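Step one of this worksheet: look at the structure below.
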Amino acid sequence: MSDPVIAVFCGGTSAERDVSLASGKAVAQAMAYSYPTQLFLLDQDALPAGLDPATHVVCIVQPGTFGEDGGMQRLLDAGGFAYGSADARASELCFDKWRTRLAVSAMGVPVAPGRCFLATAKPTAAALSAELGDQVVLKPNRQGSSVGLQIVSSKVGLEIALGGIRSGEWVAEERILGRELTVGLLRGRAMGVVEIVPKSGVFDYTSKYTKGLTEYIAPAQISEELSAQVRALAETAFAACGCRDYARIDFMLSNEGELYLLEINTLPGMKETSLLPMSARCVGLDFIALCRELVAPAVERFQLATTLRP
């Protein structure tokens, strides 16, 4: 049985297009060591021309809207394609921060106190402060890569931040002060825990994508007991949301030693210096090996479908 061609999708129309382009090019270059590979630079929310479900396995490298929210996955499902990453249902669920909170907390994974609201029915600063305190995290419910993230530390700041919210659905959470940790998962098994140390104290879009503004400690300098706890919670959250193949899950470790899930990234950034590759290197997987593993389950699904075709 011949190997499929790996079609690497990147670009798209989301706010994370530049991140996607850089990640996609890195993945395609690394993937070519293991499989015949084609790089597709997408400019619209549609499948590109030249794809064949009997030839191609798709590797989606499109964090953000349409790539990570289930839109692309629904098109691929309708076309009969095998693809790596979470399926359409799990992608849509994990892209919705509030639904993710509900799904994981039902399985015992702790989340910070919070609430979801529409911009057209937003709470007052006084009401939100009374519920969550003056230190509050505000973020769009359905965006990735910290797009739109705001952290406020006073009632006045909260009034200003809420005043700037004009549309969409938002999540407000009590800010957990402490250390930010992340862990990658392959086939539902957690890899190494990485600590994120932004110099500004906030891991926002600028801190993520501006060289030198954030330090990464891989593996995180935490006890083996705590590392095992992070990995176990990540695996529980992965299963609770019906994820498959791979993901990256972020946590806050409070100053009191409590862990809180922040979010599940079903299509995390994939440059060689990104967080998922850092987590993989902690367990001995280099970037080329990691890229091969990202599509390995999809290749298995492709090969199974090939044997069943008349």
task: Please determine, by comparing only the residues of the range 152-174 that are within 12 Å of Q135 (Cα to Cα) and modelled with pLDDT of 95 or more, which one is surrounded by the most Cβ atoms within 10 Å (Cβ to Cβ).
output: A172
task: Search the range 211-234 for residues being charged (D, E, K, R) and surrounded by fewer than 16 Cβ atoms within 10 Å (Cβ to Cβ), and hand back the single one that is farthest from S254 (Cα to Cα).
output: K211
- prompt: Considering only strands (runs of 3 or more DSSP E) fully contained in the range 205-310, which possess at least 2 residues that are at pLDDT 95 or above?
  reply: 246-254, 259-265
- prompt: If you go through the range 187-201 one residue at a time, how many are modelled with pLDDT of 95 or more, outside any strand (DSSP E or B) and not charged (D, E, K, R)?
  reply: 1
task: Return the total of residues in the range 111-145 being closer than 19 Å to G157 by Cα, hydrophobic (A, V, I, L, M, F, W, C), in contact (Cβ under 8 Å) with a residue 24 or more places away in the chain and not in a strand (DSSP E or B).
output: 5
Qualifying positions in the range 156-186 - of a type in the set (A, V, I, L, M, F, W, C) and either assigned to a loop (DSSP other than H, G, I, E, B) or closer than 27 Å to L259 by Cβ (or both): L158, A161, I165, W170, V171, A172, I176, L177, L181, V183, L185, L186
query: Would you call D245 of a type in the set (D, E) and either in contact with a Lys or Arg (Cβ under 8 Å, 6 or more places away or on another chain) or farther than 21 Å from L290 by Cβ (or both)?
result: yes
message: If a residue must be in contact with a strand residue (DSSP E or B) (Cβ under 8 Å, 6 or more places away or on another chain) and surrounded by fewer than 19 Cβ atoms within 10 Å (Cβ to Cβ), how many such residues does the range 118-128 contain?
response: 4
task: Working only within the range 252-306, note down all residues that are of a type in the set (V, I, T) and without any contact (Cβ under 8 Å) to a residue 24 or more places away in the chain.
output: T273
field: Residue check, E68 touching a helix residue (DSSP H, G or I) at 6+ places or on another chain (Cβ under 8 Å) and either loosely packed, with under 14 Cβ neighbours inside 10 Å or within 29 Å of L149 (Cα to Cα) (or both)
entry: yes
task: Name the one entry in S20, S2 that is at pLDDT below 95, under 21 Å from the mean Cα position of the chain (by Cα) and small (G, A, S).
output: S20
Search result, residues across the range 130-145 that are of a type in the set (G, A, S) and surrounded by fewer than 20 Cβ atoms within 10 Å (Cβ to Cβ): A130, G133
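The values are calculated or read from the model by the stated rules, or taken from the named source; none is laboratory data. Keep in mind that what you see is a predicted model, and the values were worked out from it rather than measured. In this analysis, Cβ positions are derived from the backbone assuming ideal geometry, glycine residues included, and neighbour counts consider all displayed protein chains.
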